[in-house]
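Written out below as structure tokens is the structure these notes cover.
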Amino acid sequence: MNIVSAEEIKDGKITDVYFQRSQQILGEQDIDKKVRMEVRLKSLPEEGDWGLFVGLDEVLELLEGKGFTVWSLREGAAFRPYEPVLSIEADYREFAPLETPLLGFLCQASGVATKARRIKRAAQDKPVYHFGSRRMHPAIAPMIGRSAFIGGCDGVAVTETAQRLGLEPVGTIPHALVLLLEDSTTATSMFKETFGDRVTCVALVDTFGDEKFEALENADLIEGLDAVRLDTPSSRRGDMLDIAREVRWELDLNGFEDVDIFISGGLGEEEIEQLNDVADAYGVGTAISNSPVLDFALDIVEIEGEPIAKRGKRSGGKKLFSCPCGQRKVLPRKAPRPVCEECGPPMKEELTKVMEEGEPTREKKGAKEIRDFSISQSNFSLCN
């Protein structure tokens, strides 16, 4: 298979060749210098002025035992362009081949989490479940699912991913089962018979017939039906909002007000915002799993304690400060702690030491704790 092991990544084998060549040159010349490096980005994809910082768990695993010291935002934290999210102090010759995987961990995980948060915000208080692992390489399904969960998704479909997160996997009935059993109600009744009340019973109502009539038939024949799922393909869809409104009208009219409507299939923020007045929950796949990466860059800002940086970058180590009122400041790392110019109290330093000389300085947090923290943030527009 076209995958590599964690050991190969940690050993620096998955890196751009110019880092390997630089390392060879420095080794042959017996040159090594202690550097400070920072990770940040200039802009975010799509609209918005914030992102979520995710992937720190794998960065720390990558750097563990290497003798580096790391300062970082808390995983799941919101940040803005030009703010440092990670700072590393290391002997450059040892670090060089690790830049490629380090950025890969952060760029993709943060992109997935950020998109998941945007979609969850669009859905307001309605559940959003991640169904997108089939759109990406299966080897990274746990990373995608974890990032989507931290970003705001309420559950994931892949069994192994859910187990790692301490969740029950979420899923309904595939079209394949309806096709094999030749009828939607037969598939739903067998699902109910097999799993009973242990699993939420959702009827898939768009395989053979009209969504309205299949929804009514399932609601009438399946006692305790929890929801119907609309996953109408685009070639037959028309206006999904009108279809969902029609289904809701008929269910209510026939006494099935407690049967929810679950919608999936090609959904993004815009579609979800339009469907919110009728949908009770969403399944989102490609929009999350194939979300744009966040384009982080890692740059040297100090060599042997002296500020230096390439053109277009600000030299010298930096600190990031914040205030609950929403004010934020990036200052030189030797600057004193500032007070908020808006409301007066001392501002909080956001980058904290998470690794010292290759040893983590705190226990690893679970995905649920990271998710709860991320959602609890109140000083960014995404949390309103």
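List of remarks:
- Taking every alpha-carbon pair in the stretch 158-206 and binning the separations at 10 Å intervals from zero gives 27, 44, 26, 3 percent.
- Qualifying trypsin sites (Lys or Arg not before Pro) in the stretch 269-330, DSSP loop, other Cβ atoms within 10 Å at most 10: Lys310, Arg311
- Positive end of the dipole of the chain (Cβ unit charges, origin at the Cα centre): among Leu26, Asn254, Ala122, the Cα lying farthest that way belongs to Leu26.
- Estimated from helical segments only, the mean residue ellipticity of the chain at 222 nm is -10500 deg cm²/dmol, where each DSSP H run of four or more residues counts as -39500 (n - 2.57).
- Cα-Cα separations in the stretch 54-148 greater than 18 Å, expressed as whole percent: 52 percent
- Using C-alpha pairs below 8 Å separated by at least 6 residues, the relative contact order for the chain is 23 percent.
- C-alpha center-to-center spacing [the stretch 306-384, the stretch 80-104] in angstrom: 16 Å
- Relative contact order (%) - criterion: Cα under 8 Å, at least six apart; region: the stretch 288-348: 20 percent
- Each Lys and Arg adds +1 at its Cβ and each Asp and Glu adds -1 at its Cβ; summed about the Cα centre, the stretch 123-289 shows a dipole of about 980 debye.
- Given 15 as the ceiling on other Cβ atoms within 10 Å, longest exposed-site-free region of the chain for chymotrypsin sites (Phe, Trp or Tyr not before Pro) in DSSP loops: 209-384
- Rounded tilt (10° steps) of 240-253 against the dominant C-alpha axis of the chain: 50 degrees
- Proximal charge balance of Gly27 [Cβ under 14 Å; K/R count +1, D/E count -1]: -2
- Loop-resident sites, the stretch 337-377, for trypsin sites (Lys or Arg not before Pro), counting at most 13 other Cβ within 10 Å (DSSP): Arg362, Lys364
- Cα-based helix-to-principal-axis angle, 367-376 vs the chain, degrees rounded to 10: 90 degrees
- Across the stretch 123-289, the mean sequence separation of Cα contacts (distance under 8 Å, 6 or more residues apart), normalised by length, yields a relative contact order of 25 percent.
- Ratio of Rg to Rh for the stretch 123-289: 0.95 [Cα atoms; Kirkwood radius as inverse mean 1/r over pairs].
- Kirkwood hydrodynamic radius of the stretch 92-209, from the reciprocal of the average inverse Cα-Cα distance over all distinct pairs: 16.5 Å.
- Estimated translational D of the stretch 298-384 in µm²/s (Stokes, Kirkwood radius over Cα pairs; 4 °C; 1.567 mPa s): 83 µm²/s
- Using only alpha-carbon positions in the stretch 246-318, the gyration tensor eigenvalues give semi-axes of 53, 11, 9 Å once each is multiplied by 5 and square-rooted (largest first).
- Here the ratio of the Cα radius of gyration of the chain to 2.2 N^0.38 Å is 1.16.
- For the chain, built as a Gaussian network whose Cα springs stay under 10 Å, the top-fluctuating residue of Pro138, Pro84, Pro127: Pro138
- For the stretch 281-329, projected area of the alpha-carbon convex hull averaged over all directions, nm²: 6.9 nm²
- Sparse-neighbour loop sites [GluC sites (Glu not before Pro); the stretch 263-322; at most 10 other C-beta within 10 Å; DSSP]: Glu304
- Degrees, to the nearest 10: 184-195 long Cα axis against longest axis of the chain: 60 degrees
Where a number appears in this text, it was derived from the coordinates with a stated rule and is not lab data. Predicted, not measured: the structure shown is a model, and the values here were computed from it. Counting neighbours? That spans all protein chains shown, and the Cβs are built from the backbone with ideal geometry, glycine included.
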